[in-house]
Each structure stands twice: as structure tokens, then as C-alpha cells.
Amino acid sequence: MIDATSDDLAGITCISRMAGGVMDIGWLEVFREVVRRGSFTAAAQAMGYTQSAISRQVSALEGATGATLFDRLPRGVRLTAEGRCLLTHAEAILDRLGAARDDLAALRDLAGGHLRVGAFGTADAMLVPHAMAAFHAAYPKVTLALSEGFTPDHVAGLHAGAVDVAVLSTAPSRPFDTDRLDLRHLIDDHMFVALPTIHPLAHRRVLRLAELAEERWVAGSGRIEDTLISASLRVGFRPRVELVAGEWIARQGLVAAGLGITLIPSLAVAATRPDVVLAALHPDDAPVRAVYAATPRGLSKPPAVVAFLDLLDNAVAELRVQIDERVGQ
């Protein structure tokens, strides 16, 4: 990306002052081409102009700068001392403009730049990695960054410009502020009960919380209100939590060992270990989380964000197939 040095900025300022604040960059391009070719005629042929058009533009540049840039000779032209002084600055400016055009083209064509993605934990199990892998395969020159955290953190990150796009989740009772966010609905995240293979209810496809009143639960926190199981509190069910494991993979291990049951979001179903049985939790017993891709409202979406949003949709379609295969629906 462009990072102008003090010398570059001094040159730009110098030329702007000489030009009375008005300067046609095209004049500098013509000036540099005349220097390279050694005559107005040769520069005209190279640039597709008439010789008189080249002469007029050089004269306009001389008038704007108040300097005689060339000595006109019978055969061609030669730079004056003032012309040599201007050439140094003109080349720096034109080179910087060329680099700017290249950088802008790279952003448009996804041949450079970066994409910063935010997502909550279970979205990073399958959904977001699939979309990021597809993006990297299609646009390998764009630098990818992922930050994992809770949805409120990513909302703040979007507003602060710390992330470009975020995958968020929310319950129906806690809608997002759509005045500040553009939301694309991705999927509804249902809850599944994870049971040991030897559990008496392992053959069931759908379970109600009332059937699990005597079960030992494995939770991600000792404070139920901070876990997925907190949804049960809404319907008056308070699980008997006997084991706490912060990592959801560890919770699966405890379930597989027959030490309790736990909840698994549908986003993580395809990544669930095979020695754990999954049964859908009845939707009346647990609210369905809506999952969205979010960007700041009112701001233009960079090409990388637009491309990533489409790839998220593709990843959702793949995830639905994997969920159906895992739970046998």
C-alpha cells in the first residue's frame, strides 16, 4: 500500500505552490515522456497525440510552474536546470500514483488487501472455517484474519472498524440493532442433546426437557445462566449440573465416557465425535438461535467482504447436508 515519504510530500507541496494550487497530472506525464523520448514529436508518437498537443501541454506546465523546462533545439529538446529539478518530483509523484492505481486494482480484483472476520466459538467449528478455506483458495493474495469471541464483542468490533464482517448469533428475545448493522440471515441454530451411546434414550430422535430431569449434566460453566443450558430456565427447568468443562470438546469426552449429558448446537453437530449420540431438543424447550453475517450499516462493503458473504452462504448449504447426515434426518 502507499506510504508517502516526507520527500514525496515535500515535492507535491512544492509543485502545488508553483502551480498556484492547480496542476494537471496529465501535464506531468507528457513532460516525463518528452524527457524519455528527447523530442515533442517522438513523445507525440508514443502517446498517440499530435505534436502540437504535446507542445501545448508542456507550455501549460511551464506557465503553471513559472519555469522554462526545455531548451528547444533544432533536433529535439534538452532539459534546463529547472526542468531537471521538476523531473525528480514529477517522477516521484507519477510513481506514487501508479502504485495507488495498482493497489486500488488489487482491492477491486481481490489480488491484495486483507479481510478480518469475527465469529463466536461454535461458528468456528465448521461454518466459518469452510467459508475461509474457500475464500483463501479463490483469493490467495488476500490476507485473512480471524478473531473469536462473544457476539457483543464482535458487534463492538464492527462499529469500531476492528473487523470487516462478523458471524453473530442471537435469541429471538434479543434482536440486533438493525439501524447500525446490515444482517444476512445464515441459518437457525437448533439445540441437540448429546448422550452416551449406552444411554437408555440414545435411540430417540427428539427429547423433551421433562424427560431429562434426573440426568447428570455437563456444562461449560458453573453459572448456568452463562451456558447453552440456560435456555431451560425459561421453561422452569433447572438441570442438575455435576461436571463443568470449559471446552466443548472436553464436554463431549465426558459425555462419551458416560459421565453425563450436554447440549450441542447444530453448528457443531458435524464436528461431534462419533461415540456420542445426538437427539434433537424439542424447540418448545429451547429457543432457536438465529445466526447472521453482519456488516456495519451505511458503509460500503469492500469486494473481499462481498465475496466472503457469498461463500458463507455456500458453507451454510454444505453444513446443512453434514447436519442431516450426522443426525440421520
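Residue pairs whose Cβ atoms lie under 6 Å apart, sitting 6 or more positions apart in sequence or on different chains, and linking a residue in segment 87-115 that is of a type in the set (K, R) and surrounded by 12 or more Cβ atoms within 10 Å (Cβ to Cβ) to a partner that is modelled with pLDDT of 80 or more and not in a helix (DSSP H, G or I), do not occur here. The set of residues in segment 314-329 being surrounded by 14 or more Cβ atoms within 10 Å (Cβ to Cβ), touching a residue at least 60 places away in the same chain (Cβ under 8 Å) and of a type outside the set (G, A, S) consists of V316, E318, L319, Q322, V327.
Here segment 280-313 is the region considered, the condition is being among the charged types (D, E, K, R) and within 21 Å of I264 (Cβ to Cβ), and the residue that is surrounded by the fewest Cβ atoms within 10 Å (Cβ to Cβ) is D284. Restricting attention to segment 202-239, report how many residues are at pLDDT below 75 and in a helix (DSSP H, G or I). Number satisfying all stated conditions: 11. Of all the criteria given as (1) under 30 Å from L263 (Cβ atoms); (2) buried (at least 19 other Cβ atoms within 10 Å of the Cβ), the one not satisfied by E148 is (2).
Quick check on segment 282-302. Is at least one of its residues among the aromatic types (F, W, Y), touching a helix residue (DSSP H, G or I) at 6+ places or on another chain (Cβ under 8 Å) and touching a residue at least 40 places away in the same chain (Cβ under 8 Å)? The answer is no; no qualifying residue exists. Among all residues of segment 138-146, there is at least one that is in contact with a Leu (Cβ under 6 Å, 6 or more places away or on another chain), in contact (Cβ under 8 Å) with a residue 60 or more places away in the chain and under 30 Å from L183 (Cβ atoms). Annotation for segment 178-189: no member residue is touching a Phe, Trp or Tyr at 6+ places or on another chain (Cβ under 8 Å) and at pLDDT below 90.
Do you know which of the residues in segment 41-54 that are over 45 Å from the mean Cα position of the chain (by Cα) and buried (at least 19 other Cβ atoms within 10 Å of the Cβ) is nearest to L87 (Cα to Cα)? Out of the qualifying residues, it is I54. When segment 173-210 is limited to residues that are among the acidic types (D, E) and surrounded by fewer than 17 Cβ atoms within 10 Å (Cβ to Cβ), the one that is farthest from A294 (Cα to Cα) turns out to be D188. On the given criteria, is L259 under 23 Å from R320 (Cβ atoms) and either modelled with pLDDT of 90 or more or surrounded by 20 or more Cβ atoms within 10 Å (Cβ to Cβ) (or both)? No: the conditions fail for L259. Restricted to strands (runs of 3 or more DSSP E) entirely inside segment 242-329, those with at least 1 residues that are within 26 Å of L183 (Cα to Cα) are 262-265, 289-296. Residues in segment 117-137 that are in contact (Cβ under 8 Å) with a residue 12 or more places away in the chain and either closer than 14 Å to A307 by Cβ or charged (D, E, K, R) (or both): V117, D124, A131, M132, A134, F135.
The values are calculated or read from the model by the stated rules, or taken from the named source; none is laboratory data. What you see is a predicted model, and the numbers here were worked out from it, not measured in a lab. Heads up, the Cβs are rebuilt from the backbone with ideal geometry, glycines too, and the neighbour counts pull from every protein chain shown.
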